[in-house]
Amino acid sequence: MDTTLLLYIGIMAAGILIGSRTMSPEKEYKWLGRLQFLALMVLITALGIRIGADDKVVSSLKEIGLSAFVITIFTLAGSVLCLWLVRKWMGLDREGVKKDD
Amino acid sequence: MTRSIVAAVTAGILAGYFIAPEALVRSCGALITGGLCLLLFLVGLDIGRQGTILEDIKKVGFRVLLFPVAVIVGTLVFAAASSLLLPLSPRETMAVASGLGWYSLAPMLLAEYSASLSAMSFLSNVMREVLSIVLIPFVAKYIGHTECIALPAAAAMDTTLPIVVGATSDRIAIYSITSGVVLSFAVPVLVPLVMEL
C-alpha cells in the first residue's frame, strides 16, 4: 500500500466524479473508447518490452505460460463454483430469478 | 481486441529482447505509470458517466454484493489450491489470480515484487478474459446465468458485458456491471494485500 496505489485509486475516483457530473449516460462517446484502446496498447507494448528485456523471464516463458494457464483454469472453476453456491443459497433459479417471485 | 493485445505484447517482447536499448527499457516504467493513470481516469469516466451504480445496487438489493465476494473467495481459494500442482507458493498463485482479469493493472502492481510473477499475472489475466469469452455461452446454458459474471470477474462490466448479456438476458446486465465495478476496485487493494501475506 504505497503512494502510487493511492494515486491510482484517487485518479479513478476523480474520473468517476467528473464522469458523473459532466457526461451523459445516453450519449455515445467514441473518443473515450478510442483513447482507452490507445492507452491500453501503449501499456501492453511497454509491458511486453519489459518482459522481453528480462532474460530470466524470457528463458522461462514456457513454464510461466503453463503456470498461468493452470492458475487460470483453477480460478475460473473456483469462481463459478462459489457463485453457484451463493445463487443456490439466495434461492435464485438458473435464470437468476427469485423462485418465489 | 484479443488480436490487438496479442500483437502488441508480442511486438513488445520482440523489441525488448532483440533491440532493448537500456534507456528505452528504463523509460518503460514512467510510460507504464503514465499510461495507467490515463487508463484509470478513462475507466473512471466510463463508470461515472453511467452514474447509476449505487441506485442499481439499491434497486436489486445489497445482496448483489455477495456475487463479487463469491468471485474473490472462489478465485483465491482455488488459486491457492493450484499451487499444489505448480512450483509456486500459494501466495504467488494467489497474487497472480488476484488480478481478477484486469490484465492492464495487475501486472504493473506486481512488477515491483517480481518480473516473472508480473509476466505470469499478465498472461493469466489475459487468458481469463479470452477463456471467459469462450466459456460464457456454455456456463449460461448448462450451469446458470448469474455464474457467467464469475468468469471474466472485473471485465464483466466492460469488455465481456455484451457477451454476458447476449448469452443470458438483460436482467443479468445489472449484476454483471455491479460485480465488475466492485471487483475492479478490489484489484488494486487485493494484489498488494496478498503480497504482504
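The values are calculated or read from the model by the stated rules, or taken from the named source; none is laboratory data. Quantities reported herein were computed from a predicted structural model and do not represent experimental measurements. With ideal geometry, Cβ positions are generated from the backbone for all residues, glycine too; neighbour counts draw on all protein chains shown. Surface areas here come from the heavy atoms of the whole protein model, side chains and all, with no ligands, DNA or RNA. Shrake-Rupley method; radii C 1.70, N 1.55, O 1.52, S 1.80 Å.
Restricting attention to helices (runs of 4 or more DSSP H) lying wholly within segment B:1-107, give those where 2 or more residues are under 16 Å from B:SER184 (Cβ atoms) and without any contact (Cβ under 8 Å) to a residue 24 or more places away in the chain.
Values: elements: B:2-14, B:22-50, B:53-60, B:66-82, B:90-97.
Output list reads B:22-50.
Return the residues of segment A:24-34 that are open to solvent by 20 Å² or more (accessible area, probe 1.4 Å) and assigned to a helix (DSSP H, G or I); say none if nothing qualifies.
First, pick out the residues of segment A:24-34 that are open to solvent by 20 Å² or more (accessible area, probe 1.4 Å): A:24-31, A:33-34.
Listed by number, the residues that qualify are A:LYS30, A:TRP31, A:GLY33, A:ARG34.
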* Asked: Going by the conditions given, is B:LEU117 in a helix (DSSP H, G or I), touching a residue at least 60 places away in the same chain (Cβ under 8 Å) and of a type in the set (A, V, I, L, M)?
  -> no
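Can you find a residue that is open to solvent by less than 30 Å² (accessible area, probe 1.4 Å), within 7 Å of another protein chain (Cβ to nearest Cβ) and at pLDDT 90 or above anywhere in segment A:85-98? Before the answer, list the steps.
Pass one, segment A:85-98, residues open to solvent by less than 30 Å² (accessible area, probe 1.4 Å): A:86-87, A:90-92, A:96.
From what is left, the residues that are within 7 Å of another protein chain (Cβ to nearest Cβ) are A:86-87, A:90, A:92, A:96.
Pick out the ones that are also at pLDDT 90 or above and you get A:86-87.
Looking for residues that are open to solvent by less than 30 Å² (accessible area, probe 1.4 Å), within 7 Å of another protein chain (Cβ to nearest Cβ) and at pLDDT 90 or above, one finds at least one in segment A:85-98, hence yes.
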* Exactly one condition in (1) within 26 Å of B:VAL64 (Cα to Cα); (2) touching an Asp or Glu at 6+ places or on another chain (Cβ under 7 Å); (3) open to solvent by 10 Å² or more (accessible area, probe 1.4 Å) is not met by B:ALA115; state its number. => (1)
* **Matching entry among A:PHE69, A:PHE37, A:PHE74 (being out of contact with any Leu (no Cβ under 6 Å at 6 or more places or on another chain), part of a helix (DSSP H, G or I) and more than 7 Å from every other protein chain (Cβ to nearest Cβ))** => A:PHE37
* Just one of the numbered conditions (1) at pLDDT below 85; (2) touching an Asp or Glu at 6+ places or on another chain (Cβ under 6 Å); (3) not aromatic (Phe, Trp, Tyr) is not true of A:ASP54; which one? -> (2)
